[in-house]
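Take a look at this one; I'll ask things after.
The values are calculated or read from the model by the stated rules, or taken from the named source; none is laboratory data. Values in this document were obtained by computation on a predicted structure and should not be read as measured data. Virtual Cβ from ideal backbone geometry, glycine too; neighbours counted across all protein chains shown. Note: accessible area is taken over every heavy atom of the protein model, side chains too, but ligands, DNA and RNA are not part of it. Shrake-Rupley method; radii C 1.70, N 1.55, O 1.52, S 1.80 Å.
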Amino acid sequence: MARDTVTIIDNATGRRIELEVRRGTMGPPAMDISRLYRDFGFLTYDPGFQSTASCSSAITYIDGDKGILLYRGYPIEQLAEQSTFLEVAYLMLYGRLPNAEELDRFSRTIAKHTMIKESLKSFYQGFYHDAHPMASMVGVVGSLSAFYHDSTDIHDPASRELAALRLVAKMPTIAAGCYKYSIGEPFMYPRNDLSYCGNLLHMMFSVPTEDYVVDPVAEKALDMIFILHADHEQNASTATVRLAGSSGANPFACISSGITALWGPAHGGANEAVLKMLEEIGDASNIPKYIARAKDKNDPFRLMGFGHRVYKNYDPRAKIIRRMCHQVLEKFGDANDPLFELAMRLEEIALQDEYFIERKLYPNVDFYSGIIYKALGIPVNMFTVMFAIARTVGWVAQWMEMIAEPDQRIGRPRQIYTGHAQRDYVPLDQR
Ligand code: SDX
């Protein structure tokens, strides 16, 4: 039987090395280069990790050419239609769908961990009210490591699970706190009788002076958006969490590093950037000007919400969110919301343009999500915070998977050095 290997030949010397091929359940094969430097003296160079598998994982599968996204094997379209965010969280963390009793117990456990230490509320006081909520999230989530450091043994599965449950449970409370602090309103305590997303809406939008009733359409829309954002293989923020966690760092601090990476406009910050872009474009008559800018290499402007490192087809999540837009806008916004009309027009024009077709630039998950968030009354600067709440499930699931790896090692990439060759120090009076 043919060996499942590949051979690399150094044409300068004729030397060759045979490398094992690793194959997953689905997706492209990978050549195992872990001994390439030791046995062949070469590094590999892949600065954006376009062709690099940094790990093996059983959590999420993406086929970028076919526009496929599976969580633990289940298609995102089915989960978005039939599941709930907490059920997806269970699936992510434990690898299978729960039965009714398991889901009920999991939901009650999450509810029990939604409160934050009362003293943590004073932490927000250190920020100006106009601090970007993502800045507050980085700080407040990172500070959880001060409350749960000695009690978190990452080598104990039960301790890891508790840290994961605490993070999933507390993110909405912390996020709502960032919002309330930014508008100068009192924090609202979580309520154990509400759903995960119902609780978030309550903590963000209710006030002590009157009753607040969670709108079921808003609750369902948010729950579905969170399902779509829960995990996405080794994206920049998940890879950050894995790298931070590989040193054995406190998991709460690792999640804070994930929030940091997510904030960038090239990643999770794109949903906020899309709204700002649509508002800047203003009218469909300006679309050609902005598309020209997006194509101009001398102009840093990018069409936010378009393109993806992996999807070279329509992002399946964007399709689902686009459909949901109509329902939400009919209920909360203006079914003819000019921003939504503009977004659809922009999409239509861009997808007919050779530049976008040639580069397979399609709308991604961030292109439409902001329009829904805005219709739900969520301020633009909280859009990426919403993304962070949902992605915490993926981050903690991937962190748990990594830490549990029997051969888990610290991640430590190499480099191609392009600096000075060795040279001697020149004393100050001789320079
Ligand atoms: C998310 O990784 C994930 O899975 C991320 C995510 C998740 O769930 O975790 O899916 C969430 O982050 C979605 C992406 C959100 N970001 C944006 O919408 C920002 C706009 N998009 C671009 O910045 C860009 O498309 C990226 C960052 C998403 C992807 O970057 P790549 O893979 O490095 O793409 P590239 O720079 O290699 O682009 C290839 C070509 C280039 O042109 P050429 O040099 O070949 O001539 O396409 C061009 C780029 O200039 N291009 C764009 C463009 N995106 C790529 N041109 C105009 N507008 C764009 N949006």
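Can you name the residue in the stretch 220-242 that is without any contact (Cβ under 8 Å) to a residue 60 or more places away in the chain and open to solvent by 50 Å² or more (accessible area, probe 1.4 Å) and is also farthest from the ligand (Cβ to nearest atom) among such residues?
Filtering first and then ranking leaves Lys220.
A further question follows. Answer with yes or no whether Ile321 is modelled with pLDDT of 95 or more, surrounded by 18 or more Cβ atoms within 10 Å (Cβ to Cβ) and of a type in the set (A, V, I, L, M).
For Ile321, the condition - modelled with pLDDT of 95 or more, surrounded by 18 or more Cβ atoms within 10 Å (Cβ to Cβ) and of a type in the set (A, V, I, L, M) - is not met.
For the stretch 105-143, name all the residues that are under 25 Å from Ser195 (Cα atoms) and of a type in the set (D, E, K, R).
Within the stretch 105-143, Arg105, Arg108, Lys112, Lys117, Glu118, Lys121 qualify.
Next up: Residues being small (Gly, Ala, Ser), assigned to a helix (DSSP H, G or I) and in contact with an Asp or Glu (Cβ under 8 Å, 6 or more places away or on another chain): count how many of those fall in the stretch 236-272.
Counting residues in the stretch 236-272 that are small (Gly, Ala, Ser), assigned to a helix (DSSP H, G or I) and in contact with an Asp or Glu (Cβ under 8 Å, 6 or more places away or on another chain) gives 1.
Among the residues of the stretch 204-217, is there at least one that is under 13 Å from Leu86 (Cβ atoms) and either part of a helix (DSSP H, G or I) or open to solvent by 50 Å² or more (accessible area, probe 1.4 Å) (or both)?
Within the stretch 204-217 (the criterion being under 13 Å from Leu86 (Cβ atoms) and either part of a helix (DSSP H, G or I) or open to solvent by 50 Å² or more (accessible area, probe 1.4 Å) (or both)), the answer is no, since none of the residues qualifies.
Would you mind finding the one in Asp104, Asp130 that is assigned to a loop (DSSP other than H, G, I, E, B) and either open to solvent by 40 Å² or more (accessible area, probe 1.4 Å) or in contact (Cβ under 8 Å) with a residue 60 or more places away in the chain (or both)?
Among Asp104, Asp130, only Asp130 is assigned to a loop (DSSP other than H, G, I, E, B) and either open to solvent by 40 Å² or more (accessible area, probe 1.4 Å) or in contact (Cβ under 8 Å) with a residue 60 or more places away in the chain (or both).
Looking at Arg38, is it open to solvent by 50 Å² or more (accessible area, probe 1.4 Å) and within 29 Å of Tyr314 (Cβ to Cβ)?
Judged against the criteria, Arg38 is not a match.
Right, another one. Output the residues belonging to the stretch 4-36 that are farther than 29 Å from Gly64 by Cα and in contact (Cβ under 8 Å) with a residue 24 or more places away in the chain.
Across the stretch 4-36, the qualifying residues are Asp10, Arg15.
For the stretch 299-314, which residues satisfy the criterion of being touching an Asp or Glu at 6+ places or on another chain (Cβ under 9 Å), in a loop (DSSP other than H, G, I, E, B) and near the ligand (Cβ under 10 Å from one of its atoms)?
Answer for the stretch 299-314, where residues must be touching an Asp or Glu at 6+ places or on another chain (Cβ under 9 Å), in a loop (DSSP other than H, G, I, E, B) and near the ligand (Cβ under 10 Å from one of its atoms): Met304, Gly305, His308, Val310, Tyr311, Lys312.
I'd like the full set of residues that are open to solvent by 30 Å² or more (accessible area, probe 1.4 Å), within 10 Å of the ligand (Cβ to nearest atom), more than 24 Å from Ile403 (Cβ to Cβ) and of a type outside the set (A, V, I, L, M, F, W, C), limited to the stretch 245-298.
Within the stretch 245-298, Pro265, Arg293, Lys295, Asp296, Lys297 qualify.
Here is a check on your reading of the model: is Ala249 within 22 Å of Ala131 (Cβ to Cβ) and of a type in the set (Gly, Ala, Ser)?
Spelling it out, it is not the case that Ala249 is within 22 Å of Ala131 (Cβ to Cβ) and of a type in the set (Gly, Ala, Ser).
Can you name every residue in the stretch 327-343 that is in contact with a Lys or Arg (Cβ under 8 Å, 6 or more places away or on another chain) and closer than 17 Å to Ala273 by Cα?
Leu339
Still on this structure, please answer the following. When the residues of the stretch 1-34 are narrowed to those that are among the hydroxyl-bearing types (Ser, Thr, Tyr) and in a strand (DSSP E or B), which ends up nearest to Ser54 (Cα to Cα)?
Restricting to residues being among the hydroxyl-bearing types (Ser, Thr, Tyr) and in a strand (DSSP E or B), the top hit is Thr5.
Could you name every one of the helices (runs of 4 or more DSSP H) located completely within the stretch 328-407 that has at least 2 residues being open to solvent by 50 Å² or more (accessible area, probe 1.4 Å) and within 14 Å of the ligand (Cβ to nearest atom)?
Passing ranges, in order: 354-358.
One residue is enough: does the stretch 39-59 have a residue meeting the conditions among the aromatic types (Phe, Trp, Tyr), touching a helix residue (DSSP H, G or I) at 6+ places or on another chain (Cβ under 6 Å) and either farther than 21 Å from Val241 by Cα or touching a residue at least 12 places away in the same chain (Cβ under 8 Å) (or both)?
Checked the stretch 39-59: at least one residue is among the aromatic types (Phe, Trp, Tyr), touching a helix residue (DSSP H, G or I) at 6+ places or on another chain (Cβ under 6 Å) and either farther than 21 Å from Val241 by Cα or touching a residue at least 12 places away in the same chain (Cβ under 8 Å) (or both).
Also, I was wondering about something else. Among the residues of the stretch 315-327, count how many are in a loop (DSSP other than H, G, I, E, B) and among the β-branched types (Val, Ile, Thr).
0
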